[in-house]
1. According to a simple spin-label model (label point 7 Å from Cα along Cα-to-Cβ), what is the distance in nm between Ala28 and Ala7?
2. Take the Cβ-Cβ distance between Thr41 and Thr62 as r, set R0 to 22 Å, and report the resulting FRET efficiency rounded to the nearest 0.05.
3. Ranked from highest to lowest mean number of other Cβ atoms within 10 Å per residue, what is the order of the peptides 35-43, 12-20?
4. Could you work out the local net charge near Arg10, counting Lys and Arg as +1, Asp and Glu as -1, over the other residues with Cβ closer than 11 Å to its Cβ?
5. Add +1 for every Lys or Arg and -1 for every Asp or Glu among the other residues with Cβ under 11 Å from the Cβ of Ala39, and state the total.
6. Of the listed peptides 105-111, 58-64, what is their order by residue-averaged count of other C-beta atoms within 10 Å, with the highest listed first?
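Nothing in this text is a laboratory measurement; each read-out follows from the coordinates by a stated rule. Since the model is a prediction, treat every value here as computed from it, not as a measurement. Positions of Cβ are backbone-derived with ideal geometry, glycine not excepted, and every protein chain shown enters the neighbour counts.
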Amino acid sequence: MAASSDAAARRAEVERQLASGDITGLRALAARLDDEGIAVTPDELRADVRSLGAVRVRRRDTSVLALPVDGPARPGGSSPRLAAAVTSDPDWPVQVGVAVVVAVFALIALLGWLIST
């Protein structure tokens, strides 16, 4: 039973470290856990990160491991929002504008094709 409580405590610490938003990879995470006195094998660390649903996202000029805001992704469900991705991209309005313009041109091309046939 102690092994499962150790695993739960380790996973809680992994989640806390990932929530900080500045973990650049598994090595950095392992170093943080080692600083906290938590011994972890690479396989355990990968399993913890995977079970928490963490993914690598672009943030400013680097990438970090981020946790989903809405919980882990479920097969067949919608993908969760990412804590680091929600606010990390300052150009999102431009990207949305470009997507809208592309969609309008695609619609015009489709209408032109339908009219010409």
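1. About 2.8 nm, to one decimal.
2. 0.25
3. Result, highest mean first: 12-20, 35-43.
4. The answer is -4.
5. Local charge sum for Ala39: -3.
6. Ranking, from highest mean packing down: 58-64, 105-111.
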